[in-house]
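Asks: Below: one structure in structure tokens.
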Amino acid sequence: MPVFQLDSRRLEFPPVDLAEDGLLAIGGDLRPERLLLAYSRGIFPWYGDDLPILWHSPDPRMVLHPAELVVQRSLRKAMRRQPYQLRMDTAFAQVLAGCASVPRPGQQGTWLIPEMVAAYTELHRLGFAHSIEAWADDTLVGGLYGVSLGGAFFGESMFARAPDASKIAFVAAVHQLAAWGIDLIDCQVHT
């Protein structure tokens, strides 16, 4: 299985069709230029503590076109009750913390380690990473974040601490992204 070793000097990736079971390369760094190049080519980092940076480009990918979003009846009903205030980019760091800390079935720990948090926080500061948040009064109860680049939004992670909070935030995000002319949401892998 060929996996390519990146260094921190050269800003390059091998062709994505060389990925083996989604894994394309290891190493490199998380500077904004590399992350933006990776996303522009359908590559994203996904790794954990005590591992080198692992770069992935799965095939097939889970992609969504905003016009094709189907909202289930029960979620539409929940949304009509307007249980949460929805905001964007008001608590990016808190959304990252929520994504890193909420337990997930079948997973131990988190891939959202401090180096990743720092990298996405920098992308947010530069205007490329965004959060969509669900609030109950003054408490953040759910949300998601991702990277916006050109006509695509790359969803990274979401969390919920209240019923349907992340789902409602996701639907709001899809509608907002469509209004901005973004016609592709890359969910990376089917979850």
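The values are calculated or read from the model by the stated rules, or taken from the named source; none is laboratory data. Since the model is a prediction, treat every value here as computed from it, not as a measurement. Don't worry about glycine lacking a Cβ; one is built from the backbone with ideal geometry, like all the others, and counts go over all protein chains shown. Note: accessible area is taken over every heavy atom of the protein model, side chains too, but ligands, DNA and RNA are not part of it. Shrake-Rupley method; radii C 1.70, N 1.55, O 1.52, S 1.80 Å.
Asks: Using helices alone, what [θ] at 222 nm do you get for the chain, with -39,500 (n - 2.57) per DSSP H run of 4 or more residues, divided over all residues and rounded to the nearest 500?
Replies: -8500 deg cm²/dmol
Asks: Stick to Cα atoms and the Kirkwood definition of Rh, then tell me Rg/Rh for the chain.
Replies: We get a ratio of 0.97 for the chain.
Asks: Among the DSSP beta bridges whose two residues both lie in the chain, what percent are antiparallel, rounded to the nearest 5?
Replies: Details: 29 of 35 bridges.
Around 85 percent of the beta bridges assigned by DSSP in the chain are antiparallel ones.
Asks: What FRET efficiency comes out for LEU75 versus GLN5 if R0 is 41 angstrom and r is the Cβ-Cβ distance? Round to the nearest 0.05.
Replies: Efficiency for this residue pair is about 0.40.
Asks: For the stretch 9-116, state which GluC sites (Glu not before Pro) are in a DSSP loop and have at most 13 other beta carbons lying within 10 Å of their beta carbon.
Replies: Passing sites in the stretch 9-116 are GLU12.
Asks: Relative contact order of the stretch 1-125, please, whole-number percent, based on alpha carbon pairs below 8 angstrom and at least 6 residues apart.
Replies: 22
Asks: Then there's this: Counting only protein heavy atoms and using a 1.4 Å probe, what share of the accessible area of the chain belongs to carbon plus sulfur, as a whole percent?
Replies: 55
Asks: Ok, one more. With only Lys, Arg, Asp and Glu charged, each at its Cβ (+1 for the first two, -1 for the last two), find how big the charge dipole of the stretch 39-138 is about the Cα centre; round to the nearest 20 debye. Spell out each step's value before the answer.
Replies: Numbers: 10 positive and 10 negative charges, 138 e Å.
Charge dipole of the stretch 39-138: 660 debye, to the nearest 20.
Asks: Can you give the alpha-carbon Rg of the stretch 117-189 over 2.2 N^0.38 Å, where N counts its residues?
Replies: Normalised by 2.2 N^0.38 Å, the Cα Rg of the stretch 117-189 equals 1.09.
Asks: A further question follows. In Å², and per residue, what accessible area does the stretch 84-191 have when probed at 1.4 Å with the other protein chains present?
Replies: Heavy-atom accessible area per residue stands at 47 Å².
Asks: Right, another one. Could you tell me which residue out of SER101, LEU54, ILE26 lies farthest along the dipole of the chain toward its positive end? Charges go on the beta carbon: Lys and Arg +1, Asp and Glu -1, centred on the Cα centre.
Replies: Of the candidates, SER101 comes out farthest on the positive side.
Asks: Give me the extension gain from THR139 to ARG87: residue separation times 0.36 nm, minus the current Cα-Cα distance, reported in nm with one decimal. Each step should come with its number before you reach the end.
Replies: Values: separation 52, 0.36 × 52 = 18.72 nm, distance 1.20 nm.
Result: 17.5 nm gained on full extension.
Asks: Mind putting a number on the dipole of the chain about its Cα centre? Charges go on the C-beta only, +1 for Lys and Arg and -1 for Asp and Glu, and I need it in Debye to the nearest 20.
Replies: I would put it at about 780 debye.
Asks: Compare the Cα positions of VAL63, TYR84, SER8 along the charge dipole of the chain (+1 at Cβ of Lys, Arg; -1 at Cβ of Asp, Glu; about the Cα centre) and return the one farthest towards the positive end.
Replies: Final value for the positive-end residue is TYR84.
Asks: Only four residue types carry charge here, +1 at the Cβ of Lys and Arg and -1 at the Cβ of Asp and Glu. Report the dipole size of the stretch 11-95 about the Cα centre in Debye, rounded to the nearest 20.
Replies: Working: 10 positive and 11 negative charges, 210 e Å.
That gives the stretch 11-95 a dipole magnitude of about 1020 debye.
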